[in-house]
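Please read the structure below before turning to the comments.
The numbers here are math on the coordinates, done by the rules we state, and not lab data. What you see is a predicted model, and the numbers here were worked out from it, not measured in a lab. All Cβ positions, glycine included, derive from the backbone under ideal geometry; neighbour counts span all protein chains shown.
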Amino acid sequence: MASDCRYNKPMAAPDSRRYISRVGKTEGPFTIDEIYDMVIARKMDHNAMFWSESKKSWKFLPGLMLDVDPDHLDQFIKDGVKQVRVQGSGPKDCPACSVLADKIFPVDNPPLLPPVGCQCVPWCRLVFAAVQG
Ligand SMILES: [Zn+2]
C-alpha cells in the first residue's frame, strides 16, 4: 500500500496537470494556469473536482493548491515545532476560511484544509506557518 509519509514526497511541478470532473464529465488534463483561467472566467466553480494523484481520489477544487504544494506539517513536527498559525489571504477568503485565519493550533491537531464548505475563488489559499518559540 502506498504511503503519504515517505520523506521523498514528490513536489508537483508548477506545470503539472490535473483532470477535472464536473457535472458528471471528466475533462483534461489541464495545467494549473488553465484551471485558474476557467475559474476566473466562471466556467467552473468550487463544486468542480480534480483528481489528486497523491491522494488517489477526487477532491473539490478549493483544495488544488494544497495538492500542488502540500502542507509542511511533517517537517514542522520533525523540526520540533509545537504550534502552527493558519495564514489567510485577507478579505478575499471565504467565510469558512476567514473563521480559521490567524488562529493557532497544535501542530499535531491542525484543522482540515481547505475547511469544509470552502468556496474560495479560485481555490483555498490558507497555509500553515510554524509558530516560533
Ligand atoms: Zn475558502
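Miscellaneous remarks
- For region 17-68, the fraction of alpha-carbon pairs lying more than 13 Å apart is 53 percent, rounded to a whole number.
- Within a straight-line Cα-Cα reach of under 16 Å, residue 103 can be paired with the following lysines, leaving aside sequence neighbours fewer than 8 residues apart in one chain: 82.
- Between 42, 18, 85, the residue with the greatest mean-square fluctuation in the GNM of the chain (Cα pairs under 10 Å linked by springs) is 42.
- Residue 105-residue 41 FRET efficiency (beta carbon distance; Förster radius 35 Å; 0.05 resolution): 0.50
- Computed lengthening from residue 19 to residue 85, 0.36 nm per intervening residue step minus Cα-Cα distance: 20.6 nm
- For q = 0.13, 0.15, 0.23 Å⁻¹, Debye-computed log10 I/I(0) when each Cα of the chain counts as one equal scatterer: -0.58, -0.77, -1.42
- When peptides 44-54, 106-116, 22-32 are ranked by their average number of other Cβ atoms within 10 Å per residue, the highest-first order is 44-54, 106-116, 22-32.
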